[in-house]
1. Just checking, how many residues over the range 257-269 are part of a helix (DSSP H, G or I), open to solvent by 10 Å² or more (accessible area, probe 1.4 Å) and among the hydrophobic types (A, V, I, L, M, F, W, C)?
2. Kindly indicate the residue of the range 114-143 that is under 16 Å from the mean Cα position of the chain (by Cα) and modelled with pLDDT under 90 and also most open to solvent (accessible area, probe 1.4 Å) among those meeting that condition.
3. Considering only the range 139-171, state which residues are touching a helix residue (DSSP H, G or I) at 6+ places or on another chain (Cβ under 6 Å) and part of a loop (DSSP other than H, G, I, E, B).
4. Among the residues of the range 219-247, write down those that are among the charged types (D, E, K, R) and either in contact with a Ser or Thr (Cβ under 7 Å, 6 or more places away or on another chain) or assigned to a helix (DSSP H, G or I) (or both).
5. Regarding ALA216, is this residue outside any loop (DSSP other than H, G, I, E, B), open to solvent by less than 40 Å² (accessible area, probe 1.4 Å) and in contact with a Leu (Cβ under 6 Å, 6 or more places away or on another chain)?
6. If I ask for residues that are assigned to a strand (DSSP E or B), β-branched (Val, Ile, Thr) and either open to solvent by 60 Å² or more (accessible area, probe 1.4 Å) or touching a helix residue (DSSP H, G or I) at 6+ places or on another chain (Cβ under 8 Å) (or both), which ones from the range 74-89 would you list?
7. On the given criteria, is ASP241 over 22 Å from HIS145 (Cα atoms), open to solvent by 70 Å² or more (accessible area, probe 1.4 Å) and out of contact with any His (no Cβ under 8 Å at 6 or more places or on another chain)?
Amino acid sequence: MDSMKLRNLDMGKLAVISLSMLTALLLCTYMFYMLPRIAKEGEPQSHGDDRKHHILILGESADEDSLKEIYKGAEAESKEYDCVVELDVPSSIAEGQSLQSLLDFASFVDADGVIAYIGEGSVSVPLRIPRASDGREIPMVTVAHYDDSIPQISHIGTNYSELGRKISQESVEYLNGNGKIIVINTVKSNSANYSNLMASVKSNLASYDGIDVFIADLDSSTAITDTSGILARKIRYSDADLLVCLSSEDSIRAAQLVNDLGKSGYIGIIGFGEGSVLERYLEIGVITELISIDSQKTGSLALKELFEYIHCGHSNNYIAADVKVRREDSL
């Protein structure tokens, strides 16, 4: 009797052990075979981890809207050049990363090429060209502002005289050749680029007999939204048919003023620049027309120039960026 109980006890233990081993086996099977598949299905698909080249797009956070558009343009062409495109900007202006530190990061990750957005005044000291771990120079294409001290293989920039002519042409076409234009001027710097742009706008508008031009010289962009200032008075008493702005901030503030004065739809605004705020004002019709540098096309061209240099050893020294025009009635 005791031996039978002992045998039954041993059989019970064996059953528990067998069940435990089976459970462990099933758990291992689930972990090693099923979980990776589930995780892979749930993860966003990588579109370039196995590509041959690595291109870095970098710039300061103040230029992030333009950089994102440049990235879109380059990323759209990346498959053709068998490359991964990565955007690297500081998470905030307060982070204080210099352009040089961003270039040093390109050296650290052994990038095959760099597209660098050069903001006006962002280069205070000569930049060190990024180098890979094997000592080779990493080719760099710069966009936006040109600085001859930067070791770039190519530059994609703006022809400001041509941009001024385009802004003037769009302004005159909006008014059908007759009307009053206020050109907002808030920049008090010695920027040669801005001076060329303003001079081009003035000279081109002056050539139209039916256009009356007033240059609103203001101390700063914040003066635009002063509801008791000269600009507000001219808008309030319908002494203007069109406002022309030459910077993103001026365009946003002009839209705010026109909206606050209840003049949306009664006075046109030709704005300049890109970004979500400007896009929204264009969508709701406060801004009539938005002119900007085609940053996506710039990104595409920059990638093309990098790989022409990588594959052929040469590239174009300078390329003029395309201008993009969007109107409220085309959205």
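1. 0
2. Across the range 114-143, the extreme among qualifying residues is GLU120.
3. PRO139, ILE153
4. Result: ARG233, LYS234, ARG236.
5. yes
6. Selection gives VAL85 alone.
7. It is false that ASP241 is over 22 Å from HIS145 (Cα atoms), open to solvent by 70 Å² or more (accessible area, probe 1.4 Å) and out of contact with any His (no Cβ under 8 Å at 6 or more places or on another chain).
Conditions tested, residue by residue: (1) in contact with a strand residue (DSSP E or B) (Cβ under 6 Å, 6 or more places away or on another chain); (2) among the hydroxyl-bearing types (Ser, Thr, Tyr); (3) open to solvent by less than 80 Å² (accessible area, probe 1.4 Å).
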{"residue": "GLY271", "(1), (2), (3)": "yes, no, yes"}
{"residue": "GLU283", "(1), (2), (3)": "no, no, no"}
{"residue": "GLU289", "(1), (2), (3)": "yes, no, yes"}
{"residue": "SER292", "(1), (2), (3)": "yes, yes, yes"}
{"residue": "LYS297", "(1), (2), (3)": "no, no, no"}
{"residue": "LEU306", "(1), (2), (3)": "yes, no, yes"}
{"residue": "TYR309", "(1), (2), (3)": "no, yes, no"}
{"residue": "ARG326", "(1), (2), (3)": "yes, no, yes"}
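The values are calculated or read from the model by the stated rules, or taken from the named source; none is laboratory data. A quick note: this is a predicted structure, and the numbers were derived from the prediction, not measured. Cβ sites come from the backbone with ideal geometry, for glycine too, and all protein chains shown count toward neighbours. Ligands, DNA and RNA are stripped out before the accessible areas are found, and what is left, the full protein with its side chains, is counted by its heavy atoms. Shrake-Rupley method; radii C 1.70, N 1.55, O 1.52, S 1.80 Å.
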